[in-house]
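The values are calculated or read from the model by the stated rules, or taken from the named source; none is laboratory data. Only a predicted model underlies this, so the values are computations on that prediction, with no experimental measurement involved. Note: ideal-geometry Cβ built from the backbone for every residue, glycine included; neighbour counts use all protein chains shown.
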Amino acid sequence: MSESAVRTRRWTRVEYERLIETGFLGPGDKIELLGGQLCVSEPQNNPHARAISLGLETLQRALAPGWHVRVQLPIALDPESEPEPDLAVVSGGPRDYTDHPSRPALVVEVADSSLALDREHKGSLYARARLPEYWIVNLVGRVLEVYREPGLDAGAQYGWAYRVLLTLRADEHVTPLAAPSARIPVADLLP
C-alpha cells in the first residue's frame with residue numbers, strides 16, 4: 001500500500017449503538033452515523049439554535065394530533081445511518097417508540113456552514129431512505145429549501161436524490177405533506 005493511500009472502515013448502526021452503550025461515545029460527542037461514516041456535527045451558533053426553536057414551535061402549531069416533532073434526536077434511517085436531524089416529524093408520540101423511529105414524514109435541517117453537507121450528503125441519504133419530504137432552513141440565503149419525490153440518481157452521493165426542489169422566500173408559505181391543510185409562513189421558520 002502506498003504512503004498516500006488511506007484506509008477507512010465503515011460502521012453499522014449496531015456497532016455505533018455499541019460505542020454509545022459502552023461509553024466510548026457520550027452525550028458531549030457530537031457524532032452522527034451517516035452512510036457508515038462517523039461524522040462530527042458542527043456546533044450551533046445563535047441563529048441556528050433560534051431557527052430550531054422556531055421550527056419546533058411552528059411545526060407543532062401546524063400539525064394535527066397524532067404527530068410528534070423530535071428535536072436533534074436519532075432516527076434509524078438504515079443499517080448504516082443514524083442521523084440526528086435538527087427536527088423530525090414522526091407519527092404518534094414519544095411513548096410509541098421503544099427504538100428510534102425510522103420513517104419520519106418530514107426531516108428538517110438548519111444550515112449555514114453545513115449547507116453543502118445537508119444538500120448533497122444528507123439529502124441523498126434521506127432520499128435513499130425514501131423519506132417523502134426534506135426541508136433545509138437555509139440561513140445563508142434566508143430561504144426554505146423543500147425537497148420532495150425521492151428517486152434514483154446515479155450522480156448523487158448515495159445513488160438517490162429528490163426530484164423536486166422548491167426554494168421559498170420569507171414572504172411565501174409552505175404546506176408540509178404531513179399537514180395538507182396547514183399554510184406555514186416561511187418567515188416563521190427564519191430567525
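Numbers at a glance
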read-out	value
Complete set of residues in region 1-51 that are part of a helix (DSSP H, G or I) and touching a strand residue (DSSP E or B) at 6+ places or on another chain (Cβ under 6 Å)	Arg13, Tyr16, His48, Ala51
Number of positions in region 52-83 that are assigned to a loop (DSSP other than H, G, I, E, B) and of a type outside the set (S, T, N, Q)	12
Pairs where the first residue, in region 12-35, is more than 12 Å from Ser81 (Cα to Cα) and the second is part of a helix (DSSP H, G or I), C-beta under 6 Å, 6+ apart	Leu25/Leu19
Enumeration of residues in region 90-118 that are within 10 Å of the chain's Cα centre (by Cα) and either under 24 Å from Gly141 (Cα atoms) or of a type in the set (D, E, K, R) (or both)	Leu106, Val107, Val108, Glu109, Val110, Asp118
Unique match (being at pLDDT 95 or above and under 26 Å from Thr167 (Cβ atoms)) among Glu109, Glu84, Glu120	Glu109
Val143 of a type in the set (A, V, I, L, M), crowded, with 17+ Cβ neighbours inside 10 Å and under 23 Å from Leu38 (Cβ atoms)	no
Filtered residues of region 35-62 (kept if small (Gly, Ala, Ser), surrounded by fewer than 17 Cβ atoms within 10 Å (Cβ to Cβ) and modelled with pLDDT under 95)	Ser41, Ala49
Given (1) more than 15 Å from the chain's Cα centre (by Cα); (2) closer than 30 Å to Leu189 by Cα, number of the condition Gly36 does not satisfy	(2)
Residue in region 143-154 that is modelled with pLDDT of 95 or more, farther than 20 Å from Pro101 by Cβ and out of contact with any strand residue (DSSP E or B) (no Cβ under 9 Å at 6 or more places or on another chain) present	yes
Pairs, first on the phi > 0 side of the Ramachandran plot in region 136-150, second β-branched (Val, Ile, Thr) and in a strand (DSSP E or B), C-beta under 8 Å, six or more apart	Glu149/Val164
Residue pairs meeting the criteria (Cβ under 6 Å; at least 6 apart or on separate chains; first farther than 16 Å from Val107 by Cα, in region 40-66; second modelled with pLDDT of 95 or more and among the hydrophobic types (A, V, I, L, M, F, W, C))	Pro47/Leu139
